[in-house]
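What follows is a single structure, written as structure tokens, with notes after it.
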Amino acid sequence: MSKQEVIICTDLRQDLEKAVTSHSFDKLFVLTDEHTREMCYPLIASFPCIQGAELFCIGVEDIHKNLETLAYVWTQLSTRGATRHSLLINLGGGMVTDLGGFAAATFKRGISYINIPTTLLSMVDAAVGGKTGINFNGLKNEIGAFAPADQVLIDCEFLRTLDHANILSGYAEMLKHGLISNTTHWAELLNFDLTNIDYARLQQLVGRSVQVKEDIVAQDPFEKGIRKALNLGHTIGHAFESFALKREHPVLHGYAVAWGIVCELYLSALKTGFPKDKMHQTLYFIKENYGKFPFTCNDYECLYEYMKHDKKNAAAGSINFTLLGEIGDIRINQTASQEEIYELLDFYSETMG
Ligand SMILES: NC(=O)c1ccc[n+]([C@@H]2O[C@H](COP(=O)([O-])OP(=O)(O)OC[C@H]3O[C@@H](n4cnc5c(N)ncnc54)[C@H](O)[C@@H]3O)[C@@H](O)[C@H]2O)c1
Ligand SMILES: O=C(O)C(=O)C[C@@H](O)[C@H](O)[C@H](O)COP(=O)(O)O
Ligand SMILES: [Zn+2]
């Protein structure tokens, strides 16, 4: 996989100018969603390096991370004269960077692109590491490709217009990075004041968090082994997310991951000796900030069916988890029986209720 440059911006105008001019391209395109066109594009609109760029816009949030929107992006590129030598800038959250990245990866078999993530989640996670794609057939990220942006420009100034729920959503992926890295980072995340955000301090935490992801992706870009660590909380989290989407009450990705982390830490305590005190500390933080995902025991079977579609699964019928023996002690390729999975759903309902 080609190398990706992650830039923590000190001067967005200069950093973007440098990134854009490092490409030789015939046409420049900027993809936004309806919110980022209004709230984020004005921050870059006057930059000389993007004058003359073709701007196009898609609907917001995961409900639009689908084939129809992807076809719209392909159509726009095609009818507005993009060639294999055109350059795309994705300006938005994970929905825009996932879908725009996949559009770039597939248009004329691949054009170059730059990500400018504008949500906390996309800064620390989605825009980095080359996973692109769309939801399909009711399943999360069912279709996609590994295709990294050439550059990712991170500037926390964009976060000033982001709502609190989306700050929390991104923070869940940061918490995941804390759990898979070290106790110091995990503890500083649990102690950060999310009700009165200090953006300068947040920028430092973002820098450390994205480094955790970069280090893992560098070792295993195609998720054959250790990259599965980045999927902690996602076997159950994606099942919650797909289930909520089907019920037409979508939940933010990071919330689903936070609730998935609760379940998978319980499984870690049960199967790989994760310390119960650290499980309870994390669980308390999640319960306080994210509340609870509503389901009953009548939904267990449906949730279990969703887990069967997880991309980490090695064989039909066996469900793959990333668990922890301790903070930073990653145990990939763990499995659990249907009984154990139902037990952890019981635990979730009892403790989070
Ligand atoms: N590729 C990966 O490695 C990876 C990692 C994590 C998550 N994801 C995917 O990312 C998606 C979620 O991304 P997300 O959480 O960024 O959600 P999102 O892109 O849907 O953005 C959330 C909302 O915030 C708005 N928004 C974006 N930037 C804003 C800003 N600066 N100010 C105000 N509003 C703004 C958006 O328009 C949207 O309404 C999911 O589809 C998830 O599966 C991918
Ligand atoms: O980058 C990765 O690898 C991740 O697993 C990061 C996750 O936070 C992200 O949600 C990813 O899109 C999940 O991928 P999937 O392969 O489980 O669909
Ligand atoms: Zn995720």
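The values are calculated or read from the model by the stated rules, or taken from the named source; none is laboratory data. All values derive from a computational prediction rather than experimental measurement. With ideal geometry, Cβ positions are generated from the backbone for all residues, glycine too; neighbour counts draw on all protein chains shown.
The table that follows gives values for the structure above.
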quantity: Contacts under 7 angstrom Cβ, first residue in region 34-49 being more than 19 Å from CYS9 (Cα to Cα), partner within 12 Å of ligand 1 (Cβ to nearest atom) and not in a helix (DSSP H, G or I), 6 or more apart; calculated: GLU34/CYS57; GLU34/GLY59; GLU34/VAL60; HIS35/VAL60; ARG37/CYS57
quantity: Unique residue being farther than 29 Å from ALA200 by Cα and surrounded by fewer than 24 Cβ atoms within 10 Å (Cβ to Cβ) when the list is ALA145, ALA165; calculated: ALA145
quantity: Restricting region 233-257 to residues that are of a type outside the set (S, T, N, Q), modelled with pLDDT of 95 or more and away from ligand 1 (no atom under 12 Å from the Cβ), the residue that is farthest from LEU120 (Cα to Cα); calculated: PHE243
quantity: LYS224 being basic (Lys, Arg), under 30 Å from GLY110 (Cβ atoms) and within 11 Å of ligand 1 (Cβ to nearest atom); calculated: no
quantity: Any hit, region 65-85, residues being part of a helix (DSSP H, G or I), at pLDDT 95 or above, under 22 Å from the mean Cα position of the chain (by Cα) and over 29 Å from SER242 (Cβ atoms); calculated: no
quantity: Breaking point among (1) among the small types (Gly, Ala, Ser); (2) in a helix (DSSP H, G or I); (3) more than 25 Å from the chain's Cα centre (by Cα), for ALA258; calculated: (3)
quantity: Region 191-220 residues that are closer than 19 Å to ASN166 by Cβ, paired with ones that are assigned to a loop (DSSP other than H, G, I, E, B) (beta carbon under 7 Å, 6 or more apart); calculated: LEU205/PHE192; VAL210/VAL128; LYS213/VAL128; LYS213/GLY129
quantity: Residue tally, condition near ligand 2 (Cβ under 10 Å from one of its atoms), buried (at least 19 other Cβ atoms within 10 Å of the Cβ), under 22 Å from THR335 (Cα atoms) and not hydrophobic (A, V, I, L, M, F, W, C), over region 211-243; calculated: 10
quantity: Some residue of region 328-335 being more than 23 Å from the chain's Cα centre (by Cα), surrounded by 15 or more Cβ atoms within 10 Å (Cβ to Cβ) and in contact (Cβ under 8 Å) with a residue 60 or more places away in the chain; calculated: no
quantity: Qualifying residue in region 30-48 (condition: assigned to a loop (DSSP other than H, G, I, E, B), farther than 28 Å from TYR199 by Cα and at pLDDT 95 or above); calculated: no
quantity: Filtered residue count, region 244-263, keeping only those that are surrounded by fewer than 21 Cβ atoms within 10 Å (Cβ to Cβ) and farther than 17 Å from GLY93 by Cβ; calculated: 5
quantity: Filtered residues of region 104-124 (kept if closer than 22 Å to GLU241 by Cβ, in contact (Cβ under 8 Å) with a residue 60 or more places away in the chain and either more than 14 Å from ligand 2 (Cβ to nearest atom) or part of a loop (DSSP other than H, G, I, E, B) (or both)); calculated: THR118
quantity: Residue ID - surrounded by the most Cβ atoms within 10 Å (Cβ to Cβ), chosen from residues in region 118-141 that are under 15 Å from HIS253 (Cα atoms) and more than 8 Å from ligand 1 (Cβ to nearest atom); calculated: MET123
quantity: Complete set of residues in region 266-321 that are of a type in the set (A, V, I, L, M), more than 24 Å from the chain's Cα centre (by Cα) and within 30 Å of ALA145 (Cβ to Cβ); calculated: ALA315, ALA316
quantity: Criterion: touching a residue at least 60 places away in the same chain (Cβ under 8 Å) and assigned by TED's automatic domain parsing to the domain that holds LEU120 - qualifying residue of LEU153, LEU179, LEU168; calculated: LEU153
